[in-house]
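The values are calculated or read from the model by the stated rules, or taken from the named source; none is laboratory data. Note that the coordinates shown come from a computational prediction; the quantities given were computed from them, not determined experimentally. No Cβ is skipped: glycine too gets one built from the backbone with ideal geometry, and neighbour counts run over all protein chains shown.
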Amino acid sequence: MGILALTSPGASTNLPTSNPLTKPASTFSLQSVTVASTTDSSAVITWQTDQPSTSLVEYGTDESQLILTQENVELVTDHKVLVNNLSPEKEYFYKLGL
């Protein structure tokens, strides 16, 4: 089995979100972020928020270019995203979004 490392650069526990057309900015609190390898080429990232939101993971092998995404548009507080098509022996960086 290969080594799979997912690293979150500068992880923040509060994500400001706003849409100037609909409502003022609000802050979501992230809790219990975990990453679990499921196979050589996939991982599951889970986390919780204090308010219902979508689940977005941006990721890639270059910390400054997180060009791959996986998203679940259902509004939930318990988030679970499968990240697949990963290359064994490579380090990946990720960022959570709403």
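Would it be correct to say that Thr34 is at pLDDT 60 or above, of a type in the set (Ser, Thr, Tyr) and in contact with a Pro (Cβ under 6 Å, 6 or more places away or on another chain)?
Working: at pLDDT 60 or above: yes; of a type in the set (Ser, Thr, Tyr): yes; in contact with a Pro (Cβ under 6 Å, 6 or more places away or on another chain): no.
Answer is no for this residue.
Selection of the range 56-70 for residues being free of Cβ contacts under 8 Å to residues at least 40 places away in the same chain and surrounded by 12 or more Cβ atoms within 10 Å (Cβ to Cβ) yields Glu58, Gly60, Thr61, Leu66, Leu68, Thr69, Gln70.
Going through the range 37-61 one residue at a time, which ones are over 15 Å from Phe93 (Cβ atoms) and of a type in the set (A, V, I, L, M)?
Residue satisfying the conditions is Val44 alone.
On the stretch given as the range 71-98, residues that are within 13 Å of Leu30 (Cα to Cα) and touching a residue at least 40 places away in the same chain (Cβ under 8 Å) total 4. Taken over the range 36-51, the residue count meeting the criterion of being surrounded by 13 or more Cβ atoms within 10 Å (Cβ to Cβ) and either free of Cβ contacts under 8 Å to residues at least 40 places away in the same chain or of a type in the set (D, E, K, R) (or both) is 5.
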